[in-house]
Amino acid sequence: MIALGIDPGTRHLGWGVVAADGNRLSHVAHGVIDVSPALCLAERLAVLDVELAKVIEKHRPRVGSVETLFFHRDAQAAAKLGHARGVALMVCGRANLELFEYPPARVKRSVAGHGRADKEQVAQMMRVVLSLREVPPADAADALALAVTHLQRAPMLAAASASHPLTRALAEAKKKARRARRNLSASKLV
(Lines give C-alpha, C1' and ligand atoms only; values in the text may rest on other atoms or scores of the structure.)
Protein backbone atom coordinates (compact mmCIF):
# COMPACT_ATOMS: atom_id res chain seq x y z
CA MET A 1 0.00 0.00 0.00
CA ILE A 2 1.21 3.50 -0.81
CA ALA A 3 0.08 6.36 1.42
CA LEU A 4 0.27 10.10 0.87
CA GLY A 5 0.60 12.29 3.95
CA ILE A 6 -0.33 15.96 3.66
CA ASP A 7 0.59 18.73 6.10
CA PRO A 8 -1.63 21.59 4.90
CA GLY A 9 -0.57 25.23 4.71
CA THR A 10 -1.33 28.10 2.34
CA ARG A 11 2.34 29.11 2.00
CA HIS A 12 4.07 25.77 2.60
CA LEU A 13 2.21 22.50 2.04
CA GLY A 14 4.23 19.45 3.01
CA TRP A 15 3.69 16.11 1.32
CA GLY A 16 5.22 12.70 1.84
CA VAL A 17 4.72 9.35 0.15
CA VAL A 18 5.48 6.13 2.02
CA ALA A 19 4.99 2.52 0.92
CA ALA A 20 4.23 -0.43 3.17
CA ASP A 21 5.06 -4.02 2.39
CA GLY A 22 3.82 -5.98 5.37
CA ASN A 23 5.44 -4.31 8.39
CA ARG A 24 8.24 -2.79 6.32
CA LEU A 25 7.91 0.92 5.54
CA SER A 26 9.89 2.54 2.76
CA HIS A 27 10.28 6.14 1.68
CA VAL A 28 9.01 6.91 -1.81
CA ALA A 29 9.24 10.72 -2.00
CA HIS A 30 8.61 13.91 -0.08
CA GLY A 31 8.58 17.63 -0.66
CA VAL A 32 7.11 21.00 0.14
CA ILE A 33 4.94 23.01 -2.19
CA ASP A 34 6.08 26.57 -1.54
CA VAL A 35 3.70 29.28 -2.69
CA SER A 36 4.58 32.96 -2.92
CA PRO A 37 2.98 35.05 -0.17
CA ALA A 38 2.67 37.82 -2.79
CA LEU A 39 -0.19 35.88 -4.40
CA CYS A 40 -3.70 36.41 -3.11
CA LEU A 41 -5.23 33.53 -1.14
CA ALA A 42 -7.32 32.30 -4.09
CA GLU A 43 -4.23 32.15 -6.32
CA ARG A 44 -2.23 30.30 -3.64
CA LEU A 45 -5.02 27.73 -3.27
CA ALA A 46 -5.10 27.26 -7.05
CA VAL A 47 -1.35 26.61 -7.07
CA LEU A 48 -1.73 24.06 -4.25
CA ASP A 49 -4.49 22.32 -6.21
CA VAL A 50 -2.38 21.96 -9.37
CA GLU A 51 0.86 20.98 -7.63
CA LEU A 52 -0.71 18.45 -5.24
CA ALA A 53 -2.55 16.84 -8.17
CA LYS A 54 0.84 16.42 -9.89
CA VAL A 55 2.23 14.65 -6.80
CA ILE A 56 -0.71 12.24 -6.77
CA GLU A 57 -0.45 11.63 -10.51
CA LYS A 58 3.26 10.85 -10.25
CA HIS A 59 3.25 8.60 -7.17
CA ARG A 60 -0.22 6.99 -7.40
CA PRO A 61 -0.99 6.56 -3.68
CA ARG A 62 -4.02 4.51 -2.63
CA VAL A 63 -4.79 6.45 0.53
CA GLY A 64 -4.38 9.97 1.81
CA SER A 65 -3.65 11.00 5.38
CA VAL A 66 -4.33 14.60 6.41
CA GLU A 67 -3.94 16.41 9.70
CA THR A 68 -7.24 17.32 11.37
CA LEU A 69 -7.99 20.90 12.25
CA PHE A 70 -6.89 22.02 15.65
CA PHE A 71 -7.85 25.12 17.55
CA HIS A 72 -5.52 28.02 16.96
CA ARG A 73 -5.29 31.28 18.90
CA ASP A 74 -5.23 33.25 15.65
CA ALA A 75 -8.64 32.85 13.99
CA GLN A 76 -7.40 34.21 10.65
CA ALA A 77 -4.49 31.74 10.55
CA ALA A 78 -6.86 28.90 11.43
CA ALA A 79 -9.22 29.91 8.62
CA LYS A 80 -6.36 29.97 6.09
CA LEU A 81 -5.20 26.56 7.30
CA GLY A 82 -8.77 25.34 6.81
CA HIS A 83 -8.71 26.58 3.22
CA ALA A 84 -5.47 24.70 2.47
CA ARG A 85 -6.87 21.61 4.16
CA GLY A 86 -10.00 21.91 2.02
CA VAL A 87 -7.90 21.97 -1.14
CA ALA A 88 -5.99 18.88 0.04
CA LEU A 89 -9.25 17.03 0.77
CA MET A 90 -10.70 18.06 -2.60
CA VAL A 91 -7.61 16.95 -4.57
CA CYS A 92 -7.58 13.58 -2.76
CA GLY A 93 -11.31 13.17 -3.34
CA ARG A 94 -10.96 13.96 -7.03
CA ALA A 95 -8.23 11.30 -7.26
CA ASN A 96 -10.52 8.78 -5.52
CA LEU A 97 -8.10 8.29 -2.62
CA GLU A 98 -9.48 6.77 0.53
CA LEU A 99 -8.93 9.55 3.06
CA PHE A 100 -8.02 9.41 6.74
CA GLU A 101 -7.57 12.24 9.20
CA TYR A 102 -5.41 12.25 12.32
CA PRO A 103 -4.99 14.83 15.09
CA PRO A 104 -1.47 16.27 15.44
CA ALA A 105 -0.98 14.78 18.93
CA ARG A 106 -1.81 11.26 17.68
CA VAL A 107 0.69 11.60 14.84
CA LYS A 108 3.41 12.81 17.21
CA ARG A 109 2.62 10.02 19.68
CA SER A 110 2.71 7.47 16.86
CA VAL A 111 6.10 8.46 15.48
CA ALA A 112 7.92 10.07 18.42
CA GLY A 113 6.37 8.37 21.44
CA HIS A 114 4.62 11.41 22.93
CA GLY A 115 2.03 13.91 21.75
CA ARG A 116 4.08 17.01 22.52
CA ALA A 117 7.07 16.23 20.30
CA ASP A 118 8.44 19.27 18.50
CA LYS A 119 8.98 19.51 14.75
CA GLU A 120 12.68 18.70 15.04
CA GLN A 121 11.94 15.45 16.94
CA VAL A 122 9.39 14.41 14.31
CA ALA A 123 11.83 15.20 11.49
CA GLN A 124 14.63 13.21 13.17
CA MET A 125 12.31 10.23 13.69
CA MET A 126 11.29 10.28 10.03
CA ARG A 127 14.96 10.29 9.03
CA VAL A 128 15.56 7.22 11.22
CA VAL A 129 12.32 5.30 10.52
CA LEU A 130 12.55 5.78 6.75
CA SER A 131 16.37 5.49 6.54
CA LEU A 132 16.76 8.93 4.96
CA ARG A 133 20.23 10.38 4.44
CA GLU A 134 19.16 13.83 5.58
CA VAL A 135 16.53 15.23 7.89
CA PRO A 136 13.55 16.29 5.74
CA PRO A 137 12.20 19.85 5.93
CA ALA A 138 9.73 20.27 8.80
CA ASP A 139 6.58 20.43 6.65
CA ALA A 140 7.61 17.38 4.62
CA ALA A 141 8.58 15.51 7.82
CA ASP A 142 5.12 16.18 9.26
CA ALA A 143 3.56 14.87 6.05
CA LEU A 144 5.74 11.74 6.13
CA ALA A 145 4.70 11.25 9.76
CA LEU A 146 1.04 11.39 8.72
CA ALA A 147 1.63 8.70 6.07
CA VAL A 148 3.58 6.54 8.53
CA THR A 149 0.87 6.94 11.18
CA HIS A 150 -1.76 5.72 8.78
CA LEU A 151 0.30 2.78 7.54
CA GLN A 152 0.96 1.72 11.14
CA ARG A 153 -2.76 1.92 11.94
CA ALA A 154 -4.09 0.46 8.67
CA PRO A 155 -3.99 -3.24 9.72
CA MET A 156 -5.84 -2.41 12.93
CA LEU A 157 -8.41 -0.28 11.08
CA ALA A 158 -8.96 -3.04 8.52
CA ALA A 159 -9.44 -5.68 11.21
CA ALA A 160 -11.86 -3.48 13.14
CA SER A 161 -13.78 -2.65 9.99
CA ALA A 162 -13.99 -6.29 8.85
CA SER A 163 -15.43 -7.37 12.18
CA HIS A 164 -17.97 -4.55 12.38
CA PRO A 165 -21.58 -5.78 11.86
CA LEU A 166 -22.34 -3.05 9.31
CA THR A 167 -19.27 -4.00 7.26
CA ARG A 168 -20.34 -7.64 7.21
CA ALA A 169 -23.91 -6.65 6.27
CA LEU A 170 -22.65 -4.45 3.44
CA ALA A 171 -20.43 -7.26 2.12
CA GLU A 172 -23.39 -9.66 2.19
CA ALA A 173 -25.60 -7.13 0.36
CA LYS A 174 -22.93 -6.73 -2.34
CA LYS A 175 -22.75 -10.51 -2.80
CA LYS A 176 -26.53 -10.71 -3.19
CA ALA A 177 -26.48 -7.88 -5.74
CA ARG A 178 -23.76 -9.64 -7.78
CA ARG A 179 -25.73 -12.90 -7.72
CA ALA A 180 -28.87 -11.06 -8.81
CA ARG A 181 -27.02 -9.41 -11.71
CA ARG A 182 -25.56 -12.77 -12.79
CA ASN A 183 -28.99 -14.40 -12.62
CA LEU A 184 -30.52 -11.54 -14.62
CA SER A 185 -27.77 -11.79 -17.25
CA ALA A 186 -28.17 -15.57 -17.45
CA SER A 187 -31.95 -15.28 -17.87
CA LYS A 188 -31.51 -12.81 -20.75
CA LEU A 189 -29.32 -15.32 -22.58
CA VAL A 190 -31.99 -18.04 -22.39
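The values are calculated or read from the model by the stated rules, or taken from the named source; none is laboratory data. Everything numeric here is computed off the predicted structure, so don't read it as measured data. SASA here: full protein model, heavy atoms, side chains in, ligands and nucleic acids out. Shrake-Rupley method; radii C 1.70, N 1.55, O 1.52, S 1.80 Å.
Here's the list of lysines a cross-link from Lys175 could span, going by alpha-carbon distance under 26 Å and ignoring same-chain residues fewer than 8 apart: Lys188. Expressed as a whole percent, the accessible surface of the range 1-83 that belongs to carbon and sulfur atoms is 54, based on a 1.4 Å probe.
Using only alpha carbon pairs under 8 Å that are at least six residues apart, calculate the relative contact order of the range 97-142 and give it in whole percent. It would help to have the intermediate numbers written out before the result.
On the way: 41 pairs, mean separation 11.5, N = 46.
In percent, rounded to a whole number, it is 25.
Figure note: Arg153, Arg133, Arg85 ranked by solvent-accessible area, largest first, 1.4 Å probe, ligands and nucleic acids not counted: Arg133, Arg153, Arg85.
Please compute the Kirkwood hydrodynamic radius of the range 1-137 from all pairs of different C-alpha atoms, in Å with one decimal. Walk me through the intermediate numbers first.
Details: mean 1/r = 0.0645 Å⁻¹.
When all Cα pairs of the range 1-137 are included, the Kirkwood radius is 15.5 Å.
Here the Karplus curve 6.51 cos²θ - 1.76 cosθ + 1.60, taken at θ = phi - 60°, turns the phi angles of the range 75-86 into couplings of 4, 5, 5, 5, 5, 5, 4, x, 5, 5, 5, x Hz, with x standing for Gly and Pro. Over the range 21-146, accessible surface divided per residue gives 58 Å², non-protein components excluded, 1.4 Å probe. Over all projection directions, the Cα-based convex hull of the range 1-80 averages an area of 6.0 nm².
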